[in-house]
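Comments concern the structure below.
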Amino acid sequence: NRLSPIPQPPTKPVVGNMLSLDSTAPVQHLVKLAKELGPIFWLDMMGAPLVIVSGHDLVDELSDEKRFDKAVRGSLRRVRAVGGDGLFTADTKEPNWSKAHNILMQPFGNRAMQSYHPSMVDIAEQLVKKWERLNADEEIDVVHDMTALTLDTIGLCGFDYRFNSFYRRDYHPFVESLVRSLETIMMTRGLPLEGLWMQKRRKTLTEDVAFMNKMVDEIIAERRGNTDATSDKKDMLAAMMTGVDRATGEQLDDVNIRYQINTFLIAGHETTSGLLSCTIYALLKNPEILKKCYEEVDRVLGPDVNARPTYQQVTQLTYITQCLKEALRLWPPAPAYGIAPLADETIGGKYKLKKNTFVTILVMALHRDPSVWGPNPDVFDPENFSREAEAKRPINAWKPFGNGQRACIGRGFAMHEAALAIGMILQRFKLIDIHRYQMHLKETLTVKPDGFKIKVRPRDDRD
Ligand code: HEM
């Protein structure tokens with residue numbers, strides 16, 4: 001049998017391709033390599049192969065969960081320092097993954113979303129109130145305010161805690177610790193002698209993790225001690241404390257509940273804030289599309305800013321939802337995810353992958369595969385998500401939320417929150433691109449616009 005070898009860029013002795021990856025923007029570097037080397041290539045990470053796949057045909061095959069499973073490796077493995085065996089960082093075969101998956105389906109389901117809606121409106125109102133009160137010369141740091149929104153939303157809906165980000169200049173100490181921890185985790189690459197120059201950072205990591213755990217453990221303990229509150233609260237914490245896994249008849253223990261809460265804060269705030277920031281960017285750069293969003297908001301929400309949007313109205317913001325999905329295509333906040341074959345495999349009829357080989361699905365490049373998205377895949381076009389276009393598109397071409405049973409459990413939550421926020425913003429403001437910002441992505445665990453500032457003015461076009 002004739003198996004073609006998988007392409008690889010040139011290597012250096014010992015380190016292989018390890019040091020040739022741009023460490024401040026590894027994902028964007030991989031996207032560039034994918035353009036040069038094609039839909040599949042591999043890197044030698046000091047002896048360990050890393051296969052990068054971005055072609056739709058191959059991703060489609062790799063989405064078969066009978067043959068491939070999520071791989072919690074590399075930096076994601078190190079995120080376990082904070083996320084433990086919470087859903088995002090657990091191996092599929094760990095007992096707590098399926099247990100928590102079964103229990104958490106309910107608090108992330110559609111019915112539960114309706115009960116979170118008033119809390120989502122509460123936080124979104126804090127955002128627009130802040131913007132209404134700005135002086136004419138004041139600029140908005142978009143990513144900062146969107147992160148405040150998404151963090152406060154998951155805090156309130158998740159465990160009835162108010163981070164009150166709109167009442168501080170900096171972020172809440174929990175978030176400072178979380179961001180610093182993720183930074184250290186991203187900087188760690190398992191290089192020789194790394195332990196030496198990272199000593200100080202590692203110590204800080206230990207302290208930060210202890211601080212975060214303590215805060216969350218206290219929230220859980222307080223709820224356990226207060227039985228009335230458990231019975232009437234409808235947040236995710238209540239669901240985790242009372243939910244029973246039908247398969248085992250077991251409940252989650254308090255340490256695992258803590259890891260789930262840490263996880264929601266990791267997975268839930270940076271991603272959604274990246275989505276919102278990129279969507280605002282895209283709307284600013286596409287006045288015709290922005291105009292259609294305004295028309296939809298005026299039709300669905302109306303001009304009365306004192307009437308709070310209902311759950312139902314948000315579900316009717318269909319064009320805005322198309323814009324959000326298109327932003328997730330061009331700038332997927334989680335730009336890659338890892339899988340591995342359950343046994344020795346051949347993919348695309350010719351590429352051999354040994355059992356457990358680490359394969360990265362490069363979503364950012366997949367989402368611009370011309371075989372799916374046509375000759376101009378870099379153009380922002382919400383018509384890519386019209387009902388007809390979605391029905392015609394092959395499956396596994398759009399993967400911003402990952403794959404199969406390991407896909408994002410918070411996707412419905414994120415999309416509802418984001419549509420509500422864009423709706424309430426456009427109901428009130430016109431957006432001004434004061435610096436003619438050009439997209440520059442900053443990479444942390446996620447990607448989001450770096451240094452994106454705008455101004456807003458009250459809408460005057462309805463008078
Ligand atoms: C998993 C993206 C919002 C919680 C994932 C994965 C992706 C993703 C790509 C799969 C990761 C992998 O395969 O390794 C996103 C994006 C979001 C978003 C783009 C916003 C636009 C949220 C929110 C929450 C959340 C709001 C929670 C409140 C999770 C959890 C998992 C996950 C718990 C792990 C699920 C499992 O493996 O069982 N997300 N996410 N995400 N996400 Fe999200």
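Summary table below
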quantity: The stretch 206-278: C-alpha gyration tensor shape, a/c 1.5 cut-off, then a/b vs b/c; calculated: prolate
quantity: J(HN,Hα) series, the stretch 330-344, from Karplus relation 6.51 cos²θ - 1.76 cosθ + 1.60, nearest Hz, glycine and proline x; calculated: 6, 10, x, x, 9, x, 7, 9, x, 9, 8, x, 6, 8, 4
quantity: Residues whose placed amide H lies under 5 Å from that of residue 358, excluding near-sequence neighbours; calculated: 51
quantity: Share of Cα-Cα pairs in the stretch 80-182 lying beyond 22 Å, as whole percent; calculated: 46
quantity: Cα extents of the chain along the three principal axes, largest first (Å); calculated: 71, 56, 45
quantity: Normalised contact order of the stretch 366-453, rounded percent, pairs of Cα under 8 Å and 6 or more residues apart; calculated: 15
quantity: DSSP beta bridges in the chain [antiparallel fraction, %, rounded to 5]; calculated: 85
quantity: Whole-Hz couplings from phi, Karplus 6.51/-1.76/1.60, listed for the stretch 73-89; x for Gly and Pro; calculated: 10, x, 5, 4, 4, 5, 5, 4, 4, 9, x, x, 9, x, 3, 5, 10
quantity: Amide H contacts of residue 346 (H built 1.01 Å from N, under 5 Å, at least 5 apart or other chain); calculated: 353
quantity: Shape box of the stretch 34-146 [Cα atoms, principal axes, largest first, Å]; calculated: 56, 41, 31
quantity: Using θ = phi - 60° and Karplus 6.51 cos²θ - 1.76 cosθ + 1.60, couplings along the stretch 315-326 (whole Hz; Gly, Pro as x); calculated: 5, 8, 7, 6, 6, 4, 5, 4, 5, 4, 5, 5
quantity: Interchain or long-range residues, amide H under 5 Å from residue 69's placed H; calculated: 340, 342
quantity: Counting all C-alpha pairs of the stretch 254-402, share separated by more than 20 Å (%); calculated: 62
quantity: Under 14 Å from the residue 167 label point (7 Å along Cα→beta-carbon), backbone N, the stretch 115-130; calculated: 123, 126-127
quantity: Debye, to nearest 20: dipole size of the chain, +1 on Lys, Arg Cβ, -1 on Asp, Glu Cβ; calculated: 900
quantity: Fraction of the pair-distance distribution of the stretch 356-463 above 16 Å, Cα-Cα pairs, percent; calculated: 76
quantity: Positive-end residue, the chain charge dipole about Cα centroid, Cβ charges, pick of 262, 119, 414; calculated: 262
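Rule-based calculations on the coordinates, nothing more; no lab input. Owing to the predicted nature of the structure, the values given are computational and were not obtained by experimental measurement. Cβ: placed from backbone, ideal geometry, glycine included. Neighbour counts: every protein chain shown.
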